[in-house]
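Student: Quick one: this structure, given as structure tokens, is what I'll be asking you about.
The values are calculated or read from the model by the stated rules, or taken from the named source; none is laboratory data. The shown structure was predicted, so the numbers you read here are calculated from the model rather than taken from an experiment. Virtual Cβ from ideal backbone geometry, glycine too; neighbours counted across all protein chains shown. SASA here: full protein model, heavy atoms, side chains in, ligands and nucleic acids out. Shrake-Rupley method; radii C 1.70, N 1.55, O 1.52, S 1.80 Å.
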Amino acid sequence: MRLAESLGATAVVLPETLDDAIARHFPDGPALVIEAVGAPGLIQRALSAVSFRGRVVVAGVCFGKDELEPIPALLREASVQFVFAYEKDDFQYTIDALARGRIDPLAMVTSRCTLDEVPAAFASLTHAPPHGKVMYVR
């Protein structure tokens, strides 16, 4: 959470406190909700949280069936956009931001490891990951 805040996040919450955080920070609901996990039920949760005429962007991939109740989205006149991959312009925007110093990619690197340490680094990411990005170094 501290890493997200240091990179500019305005609200960082644990999943179990999400509803309280939304009510506290966005009394009318957030104008934009990005669902980036893909677990069943999260599109519905996003549609139930978004503000009137807000937008939900679905970037997470749910590999199973998921059910939606349309009424919350309908009452909010919410729009939903599904995204799958990056386009050439997305890469160019990022390259330009890096070149101009608007993005510091090293701020996300929280650990470095050697090739021999890669299996342990991956294993540490399976439970309460303390890292943003782990970089391999020689």
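Student: Give the longest segment of the chain that steers clear of GluC sites (Glu not before Pro) in DSSP loops with at most 15 neighbouring Cβ atoms within 10 Å, not counting the sites themselves.
Tutor: 1-66
Student: Report the residue, chosen from Val12, Val118, Val61, that carries the largest GNM mean-square fluctuation when the chain is represented by alpha-carbon nodes joined by springs under 10 Å.
Tutor: Val118
Student: Sticking with this structure for a sec: Expressed as a rounded percentage, what relative contact order does the range 1-128 have, with Cα pairs under 8 Å and six or more residues apart?
Tutor: Result for the range 1-128 is 18 percent.
Student: How many angstrom lie between the C-alpha centres of the range 15-48 and the range 69-100?
Tutor: 16
Student: Looking at the chain as a GNM with Cα springs under 10 Å, which of Phe122, Phe26, Phe82 has the largest mean-square fluctuation?
Tutor: In this elastic network of the chain, the residue with the biggest mean-square fluctuation among Phe122, Phe26, Phe82 is Phe122.
Student: Further question on the same structure: Could you rank Lys88, Lys65, Lys133 by how accessible they are, 1.4 Å probe, largest area first?
Tutor: Order by accessible area, largest first: Lys65, Lys88, Lys133.
Student: Hey, another quick one. By its C-alpha gyration tensor, with a ≥ b ≥ c as the square roots of the eigenvalues, how is the range 1-44 shaped: rounded for a/c under 1.5, else prolate for a/b larger than b/c, else oblate?
Tutor: Since a/c reaches 1.5 but b/c is at least a/b, the shape of the range 1-44 is classed as oblate.
Student: How high is the FRET efficiency from Leu14 to Lys65, r the C-beta distance, R0 22 Å, rounded to 0.05?
Tutor: 0.20
Student: Moving on. At 1.4 Å probe size, with no ligands or nucleic acids counted, give the accessible surface of Tyr136 in Å², nearest ten.
Tutor: Solvent-accessible area, nearest 10 Å²: 110 Å².
Student: Tell me the Rg and the Dmax, in Å, that the Cα atoms of the range 27-103 produce.
Tutor: My reading of the Cα-based Rg and Dmax gives 15.2, 45 Å.
Student: In a solvent-free Debye calculation with one equal scatterer on each Cα, what is log10 I(q)/I(0) for the chain at q = 0.13, 0.15, 0.17, 0.18 Å⁻¹, listed in the order of the q values?
Tutor: -0.79, -1.02, -1.20, -1.26
Student: Running a GNM on the chain with Cα contacts under 10 Å, which residue among Thr110, Thr126, Thr17 ends up with the highest mean-square fluctuation?
Tutor: Looking only at Thr110, Thr126, Thr17, the biggest GNM fluctuation is shown by Thr126.
Student: Here's something else I'd like to know. Sort the range 72-138 into rounded, prolate or oblate with this rule: let a ≥ b ≥ c be the square roots of the eigenvalues of the Cα gyration tensor; rounded if a/c is under 1.5, and if a/c is not under 1.5, prolate when a/b is larger than b/c, oblate otherwise.
Tutor: It comes out oblate by the Cα gyration axes.
Student: Also, I was wondering about something else. With every protein chain left in place and a probe of 1.4 Å, what is the accessible surface of Cys113, to the nearest 10 Å²?
Tutor: 10
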